[in-house]
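Here is the structure we will look at.
The values are calculated or read from the model by the stated rules, or taken from the named source; none is laboratory data. Just so you know, these numbers come straight off a predicted model, no measurement behind them. Here the Cβ positions follow ideal geometry from the backbone for every residue, glycine too, while neighbour counts run over all protein chains shown.
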Amino acid sequence: MTQSVVVQVGQCGNQIGCCFWDLALREHAAVNQKGIYDEAISSFFRNVDTRVVGDGSSISKGKICSLKARAVLIDMEEGVVNEILQGPLRDVFDSKQLITDISGSGNNWAVGHKVFGSRYQEQIVEKLRKAAEHCDCLQCFFIIHSMGGGTGSGLGTFLLKVLEDEFPEVYRFVTSIYPSSEDDVITSPYNIILAMKELSEHADCVLPIDNQSLFDIISKINLMVNSGKLGSVVKPNSLVTSSAGALKKRQEKPFDAMNNIVANLLLNLTSSARFEGSLNMDLNEISMNLVPFPQLHYLVSSLTPLYTLADVHIPPRRLDQMFSDAFSKDHQLIRADPKHSLYLACALMVRGNVQLSDLRRNIERLKPSLQFVSWNQEGWKTSLCAVPPVGHSHSLLALANNTCVKPTFIELRERFMRLYKKKAHLHHYLRVEGMEESCFTQALSSLSTLIEEYDQLDATKSMPMPDVPRLSIAV
Amino acid sequence: MEPKVINQTLSKAAQSGRWKYGQHSYFCQKQGSGNNWAYGYSVHGPKHEESVMNLVQKEVEKCDSLSGFFIIMSMAGGTGSGLGAFVTQSLQDQYSNSLRMNQIIWPYGTGEVIVQNYNSILTLSHLYRSSDALLVHENDAAHKICAKLMNIKQISFSDINQVLAHQLGSVFQPTYSTEGSFHYRRNPLGDLMESLVPHPEFKMLGVRNIPQMSESSLAYSTFTWTGLLKHLRQMLISNAKMEEGIDWQVQPHFSGHPTLGKMSLNKELHFNTSIANLVILRGKDVHSADLGGFKDPALYTSWLDPVNAFSVWKTQRAFCKYEKSAALVSNSQFLVKPLDMIVGKAWSMFASKAYIHQYTKFGVEEEDFLDSFTLLEQVIASYCNL
């Protein structure tokens, strides 16, 4: 079994990370009734004997003593990290896993990337090495950050380069939160574009998530709950909505529900690697199957169910509904319309009591309404994990490499250009040492190249399948 | 290269109480091959060659008389396909006098793994060079058998594997060595190869068996050898994957037509020409079974006499719960269409260079792909021209 290390950077990254660890603990508690430290838990947690002075020696088998998360927490402001360390999760984190500063990055990518990057590079490398050493077989780094701010965006992407240099064989999965258009940070377009260049070059896989989409999803759930729609009662144990039984304060903070969704995404993504099933899918398979060309590694994700019905036994018709939902616009975690764009590849990760024939039947049913690129007409990657998420009987995570991200990127580029043409706020960036205008132009051209590549693929959409002549053999 | 399935397999076997795997006869690592043939072949292969071959050596030493190796693997993933191809090659190097038969699982036509076509063509081309025979099982066919014949509503991999295991059992369970004698066949693997693979260009074998039904239906059915063999023969010549939906229109033409006419006529009616066939009969009154239908020269290519092309194995012992059952292992045009499809899809993906960087990262270059395509197009052409 392999291990993964989570690196949470910046305010957003750390808040989501906090939700994630909470959910992970609850999930493992629900599955692992005997309290034995097994391979599944070890993928995200270390078992530590806290009575031993020092680092706390790792115990590899036997009863769970004290679980420590395999995580590195980075923030250039102390507020969020301190809150975590005083909260109910304080025992899960080792104080040596933190890197903090006081002043913050001021929503400035350049400060996060150049100033704090160089200042903390050594410390970062050291903490990562420590975390990696505790792992038997490290497979993947999960980086959680936001794109609009300064630390998450700047230092988070600086981190990618470091990971690539220090741990070239370990996969880098990045969960990036894009701000909604009503975002209060004026310079977020600059931060986003500068960060995207780094993502395109140094990440293996990026899961872009839109705050607006998360917000819309939560609004819909609240609407359903409050209107008392017939037959739909939100399950009290659902990890998605309620915090009953959670280790958090009763009054929910504004972003909590949204962060829960992202945390669920990460749990479902790794479920097949942690638990057994009839068709396992490891994390390296995600990258292998969904990334046909090195730069095109932005995956649109959608998660069902986001809320569940009160029935325990869900007959096959509702099961099919789960598959249909995964492809509807309302369940996408980024504002995009994959159904009307071109699919390059699609992965379906199913959890729970779903059989192979159900999976195949649904693929057959949905295929005609989706457009796949000509050279990958049956581009489906599937996995079945036997263990369902807490509170649900089954769930589905769909990851798609789809050209529908193009409009999103084009919009980001436009927002960038509106500021850049006027050179608005540029001086805040240029006064940082190491920052020049070429950084901006390079970032812009990197994004344009990306958009161009998606464009070319889109152009093949309406064309008939090209008849590539096969090799002919002299008989 | 990944521990979950091996752990499951070992514990399931031990739980049966009747047999189990040797305590140390497994080898696994922590991290799989990521569905990457190149990773399985070029990274895992050399790294673990010594350990794996040591384990093989231990088993070989326990044998009195080793006829060969039976390698079970899939084509779509990374370890089964890539590492499987590598191990077969190592076996060829180290045990060149023993036979190697690979049982390969042909993936579902639509997506289990997106790069399954690449992995498949790389596997097939390498195995063609290092294996003596390829016994192919198609997931799609097994799935249909479960759905139509076994009446299973919610099919799981366990059901599919059950069907495949049944097919293997019906071939490899002991049979008598010669007509009427009471000695069991000593070397089924060798006999099978000898009968079915007369020429190294033609190595692809398919399995069909009859009857195939759920236990509840079994209670209401009776069988005759004539009926079973008639269906089996038609399954062979019409290339049916199972007992249901057989096309009875397809018939061998009558001899006397010029050879050219035979080929085009047969192509129109999708007639399945065979190189060699082996029928295995198990059950009551097995000696009364009439196999004349299989000895018709019209079924076979011109360069092999039916007397050499057709063999039969028999035993009176029934298999599983079937009073009478028959299995057919055939070296024929069974697999031309599936092979052609896989090569076609892989080629179209290759033309757009999609996913190639994932393979070149681990040392499998574009030339290796081209070599594989060339070899397989040659195989397709050879089988088509039978």
Next item on the list: Scan segment B:340-359 residue by residue and report those that are assigned to a helix (DSSP H, G or I) and more than 28 Å from the chain's Cα centre (by Cα).
Entry: B:351, B:356, B:357, B:358
Margin query: If I go through segment A:259-286 residue by residue, how many of them are in a helix (DSSP H, G or I), surrounded by fewer than 22 Cβ atoms within 10 Å (Cβ to Cβ) and at the interface with chain B (Cβ under 10 Å from one of its Cβ atoms)?
Written below: 0
Next item on the list: Starting from residues that are farther than 22 Å from residue A:293 by Cβ and acidic (Asp, Glu), keep the ones in segment A:338-397 and report whichever is modelled with the lowest pLDDT.
Entry: A:358
Check: Looking at (1) under 19 Å from the mean Cα position of the chain (by Cα); (2) under 17 Å from residue B:73 (Cβ atoms), which is the one condition that is false for residue B:143?
Finding: (2)
Notebook entry, point to check: For segment B:151-183, how many residues meet the condition of being more than 24 Å from residue B:101 (Cβ to Cβ) and either surrounded by fewer than 19 Cβ atoms within 10 Å (Cβ to Cβ) or more than 21 Å from the chain's Cα centre (by Cα) (or both)?
Noted result: 11
Margin query: For the structure I just gave you, tell me whether residue A:411 is modelled with pLDDT of 90 or more and acidic (Asp, Glu).
Written below: yes
Check: Here are some conditions: (1) in contact with a Phe, Trp or Tyr (Cβ under 6 Å, 6 or more places away or on another chain); (2) within 10 Å of another protein chain (Cβ to nearest Cβ); (3) buried (at least 20 other Cβ atoms within 10 Å of the Cβ). Residue B:355 meets all but one. Which one does it not meet?
Finding: (1)
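Name the single residue that is nearest to the other protein chains (Cβ to nearest Cβ) among those in segment B:133-160 being of a type in the set (Gly, Ala, Ser) and in contact (Cβ under 8 Å) with a residue 60 or more places away in the chain.
Looking at residues that are of a type in the set (Gly, Ala, Ser) and in contact (Cβ under 8 Å) with a residue 60 or more places away in the chain, I get B:141.
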Item checked: Enumeration of residues in segment A:261-276 that are under 9 Å from the mean Cα position of the chain (by Cα) and farther than 17 Å from residue A:1 by Cα -> A:262, A:263, A:265, A:266
Checklist line | Candidates A:199, A:194, A:207, filtered to the one that is under 15 Å from the mean Cα position of the chain (by Cα), crowded, with 21+ Cβ neighbours inside 10 Å, among the aliphatic types (A, V, I, L, M) and part of a helix (DSSP H, G or I) | finding: A:199
Next item on the list: Mind listing just one residue for me: the one in segment B:10-43 that is among the charged types (D, E, K, R) and more than 14 Å from chain A (Cβ to nearest Cβ) and, of those, nearest to residue A:289 (Cα to Cα)?
Entry: B:20
Item checked: Selection from segment B:75-100 of residues that are of a type in the set (A, V, I, L, M), more than 11 Å from chain A (Cβ to nearest Cβ) and either buried (at least 24 other Cβ atoms within 10 Å of the Cβ) or free of Cβ contacts under 8 Å to residues at least 60 places away in the same chain (or both) -> B:75, B:83, B:85, B:87, B:91
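In this structure, does residue A:375 turn out to be within 24 Å of residue A:284 (Cα to Cα), without any contact (Cβ under 8 Å) to a residue 12 or more places away in the chain and surrounded by 19 or more Cβ atoms within 10 Å (Cβ to Cβ)?
Spelling it out, residue A:375 is indeed within 24 Å of residue A:284 (Cα to Cα), without any contact (Cβ under 8 Å) to a residue 12 or more places away in the chain and surrounded by 19 or more Cβ atoms within 10 Å (Cβ to Cβ).
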Check: Which of the residues belonging to segment B:121-143 are more than 15 Å from residue B:88 (Cβ to Cβ) and in contact with a Ser or Thr (Cβ under 7 Å, 6 or more places away or on another chain)?
Finding: B:121
Next item on the list: With the condition kept exactly as written, say whether any residue in segment B:51-67 is within 14 Å of another protein chain (Cβ to nearest Cβ), surrounded by 12 or more Cβ atoms within 10 Å (Cβ to Cβ) and assigned to a loop (DSSP other than H, G, I, E, B).
Entry: no
Item checked: Failed condition for residue A:435, given (1) assigned to a helix (DSSP H, G or I); (2) in contact (Cβ under 8 Å) with a residue 60 or more places away in the chain; (3) surrounded by 15 or more Cβ atoms within 10 Å (Cβ to Cβ) -> (1)
Checklist line | Hits in segment B:211-246 - residues which are farther than 20 Å from residue B:271 by Cβ and of a type in the set (A, V, I, L, M) | finding: B:213, B:218, B:219, B:228
Item checked: From B:326, B:298, residue being surrounded by 18 or more Cβ atoms within 10 Å (Cβ to Cβ) and over 28 Å from residue B:129 (Cβ atoms) -> B:326
